[in-house]
Amino acid sequence: MKKYTNTGNKDTRSGFGAGLTELGKTNENVVALCADLIGSLKMDDFKKNHPERFFQVGIAEANMIGMAAGMTIGGKIPFTGTFANFSTGRVYDQIRQSVAYSDKNVKICASHAGLTLGEDGATHQILEDIGLMKMLPGMTVINTCDYNQTKAATIAIAEHHGPVYLRFGRPSVPNFTPENGEFKIGKGVLLNEGTDVTIVATGHLVWEALVAAEALEAKGISAEVIDIHTIKPLDEEMILKSVGKTGCIVTAEEHNILGGLGESVARTLSLNHPAPQEFVAVQDSFGESGTPAQLMDKYGLNSDAIIAAAEKVIKRK
């Protein structure tokens with residue numbers, strides 16, 4: 001099994017901030033809008049260096065989306081920033097009508113996604129945002145796994161024409177993908193080859209999948225691990241090729257079991273290569289207050305849950 005090294009825990013939102021800083025230097029059409037959360041979204045440096053391209057909208061997220069859509073008409077590439085809950089649920093109508101339906105080149109950048117928002121509790125821990133966004137025609141949906149990948153994704157989406165939803169998080173998590181690595185929208189990353197079970201993970205669950213694969217190897221189980229950072233468009237070819245070899249699959253995500261990565265994979269399998277599948281996800285519930293680690297453990301979003309799912313799905317082959 002290939003070994004991956006954690007070069008130090010970092011929060012993925014800082015990866016977004018670093019990517020935005022880089023874009024500020026290299027792409028004069030990039031503008032940034034924030035809904036009163038500059039520090040939380042790590043947009044400080046962009047604001048400092050490019051004040052003429054930064055717009056503090058205040059707690060007016062719907063207005064922010066409308067402004068961003070309008071800016072694209074003049075050739076600008078707007079990056080909006082706020083918490084995932086406010087980036088999607090609060091402004092769904094504006095995104096649907098002004099961005100997706102109109103095919104506007106807006107980059108909706110959402111921090112503090114999922115349970116790992118932590119102590120702020122259920123009202124802020126959106127677990128249905130991937131489902132909301134992937135259902136919009138033409139919307140690209142990206143969910144990154146670490147600091148390096150978030151930075152690379154932020155830079156990459158500026159070159160992609162069309163609406164994008166970029167999802168990342170608050171807590172510090174292992175940083176293990178290559179620094180300045182290439183980010184290809186719509187292409188999964190094969191992290192580890194295996195023959196007994198495929199583990200497809202996204203976001204914070206990618207590192208947990210690698211930990212699980214190492215533990216499974218010690219039990220004599222060979223796990224293939226794929227990082228699916230782009231949920232839409234989904235890399236169906238890589239997933240089907242892997243399941244064709246292993247015969248079963250586990251999907252792992254920090255999202256509701258309904259509407260997320262797991263359902264997209266299930267649809268792909270049902271149409272092309274039916275195979276046993278187990279889901280590691282939140283079981284159709286809201287979250288609660290707690291530390292990120294406590295919540296991931298309580299809701300079964302960790303390596304232990306992935307190991308159990310892998311052992312269960314192998315028995316179903």
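The values are calculated or read from the model by the stated rules, or taken from the named source; none is laboratory data. Please read these numbers as outputs of a predicted model, since none were measured by experiment. Virtual Cβ from ideal backbone geometry, glycine too; neighbours counted across all protein chains shown.
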Could you run through the stretch 111-129 and say how many residues are surrounded by fewer than 23 Cβ atoms within 10 Å (Cβ to Cβ) and either on the phi < 0 side of the Ramachandran plot or out of contact with any Gly (no Cβ under 8 Å at 6 or more places or on another chain) (or both)?
6
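Listed here are the residues, each with its yes/no results for (1) modelled with pLDDT under 95; (2) in contact with a Leu (Cβ under 8 Å, 6 or more places away or on another chain); (3) of a type in the set (Lys, Arg).
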site: VAL91; (1), (2), (3): no, no, no
site: LYS107; (1), (2), (3): no, yes, yes
site: ILE126; (1), (2), (3): no, no, no
site: LYS134; (1), (2), (3): no, no, yes
Checking ALA213 against (1) crowded, with 24+ Cβ neighbours inside 10 Å; (2) among the hydrophobic types (A, V, I, L, M, F, W, C); (3) in a loop (DSSP other than H, G, I, E, B), the condition it does not meet:
(3)
Please identify the pairs in which a residue from the stretch 75-93 that is free of Cβ contacts under 8 Å to residues at least 40 places away in the same chain and in the same structural domain as THR21 (by TED's automatic domain parsing) has its Cβ atom under 8 Å from the Cβ atom of a residue that is of a type in the set (A, V, I, L, M) and part of a helix (DSSP H, G or I), counting only partners at least 6 apart or on another chain.
ARG90/ALA62; VAL91/ALA62; VAL91/MET64; VAL91/ILE65; ASP93/ALA62
Evaluation of ASN180 against (1) assigned to a strand (DSSP E or B); (2) without any contact (Cβ under 8 Å) to a residue 60 or more places away in the chain (one fails), failing number:
(1)
Would you mind telling me which numbered condition in (1) surrounded by fewer than 18 Cβ atoms within 10 Å (Cβ to Cβ); (2) within 23 Å of LEU20 (Cβ to Cβ) THR150 fails?
(1)
Which condition number does GLU28 fail, the rest of (1) at pLDDT 95 or above; (2) under 24 Å from the mean Cα position of the chain (by Cα); (3) in a loop (DSSP other than H, G, I, E, B) being met?
(2)
Out of the helices (runs of 4 or more DSSP H) lying entirely within the stretch 221-306, which hold 1 or more residues that are hydroxyl-bearing (Ser, Thr, Tyr)?
236-246, 261-272
Surrounded by fewer than 24 Cβ atoms within 10 Å (Cβ to Cβ), in the same structural domain as GLY262 (by TED's automatic domain parsing) and either within 23 Å of LEU41 (Cβ to Cβ) or of a type in the set (Val, Ile, Thr) (or both): is that true of THR202 in this structure?
no
Can you give me the number of residues within the stretch 96-147 that are hydroxyl-bearing (Ser, Thr, Tyr) and closer than 24 Å to GLY17 by Cα?
5
Those residues of the stretch 121-169 that are of a type in the set (S, T, N, Q) and under 12 Å from the mean Cα position of the chain (by Cα) come to a total of 6
Residue pairs within 8 Å by beta carbon, gap of at least six or interchain, first lying in the stretch 238-250 and surrounded by 18 or more Cβ atoms within 10 Å (Cβ to Cβ), second small (Gly, Ala, Ser) and not in a loop (DSSP other than H, G, I, E, B), listed first then second, are ILE249/SER242; VAL250/ALA309; VAL250/ALA310
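Filter the stretch 154-176 for residues that are in a helix (DSSP H, G or I) and touching a helix residue (DSSP H, G or I) at 6+ places or on another chain (Cβ under 7 Å); which is nearest to ALA110 (Cα to Cα)? Don't jump to the end; show me each part of the working.
Narrowing the stretch 154-176 to residues in a helix (DSSP H, G or I): 154-159.
Within this subset, residues satisfying the condition of being touching a helix residue (DSSP H, G or I) at 6+ places or on another chain (Cβ under 7 Å) are 154-155, 158.
Working: THR154: 11, ILE155: 15, ALA158: 15 Å.
Only one residue tops the list, namely THR154.
Residue under question is LYS42, and the condition is that it be of a type outside the set (A, V, I, L, M, F, W, C), closer than 24 Å to ASN148 by Cα, modelled with pLDDT under 95 and outside any helix (DSSP H, G or I); does it hold?
Values: of a type outside the set (A, V, I, L, M, F, W, C): yes; closer than 24 Å to ASN148 by Cα: yes; modelled with pLDDT under 95: no; outside any helix (DSSP H, G or I): yes.
Taking the combined requirement at face value, the residue does not satisfy it.
Kindly provide the set of residues from the stretch 1-25 that are assigned to a helix (DSSP H, G or I) and either modelled with pLDDT under 95 or not small (Gly, Ala, Ser) (or both), ordered by number. Write out each step before concluding.
Of the stretch 1-25, the ones assigned to a helix (DSSP H, G or I) are 12-25.
If the condition is that a residue be assigned to a helix (DSSP H, G or I) and either modelled with pLDDT under 95 or not small (Gly, Ala, Ser) (or both), then THR12, ARG13, PHE16, LEU20, THR21, GLU22, LEU23, LYS25 are the ones that fit.
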Which residue, of ALA218, ALA212, ALA201, is over 15 Å from ILE142 (Cα atoms) and touching a residue at least 24 places away in the same chain (Cβ under 8 Å)?
ALA212
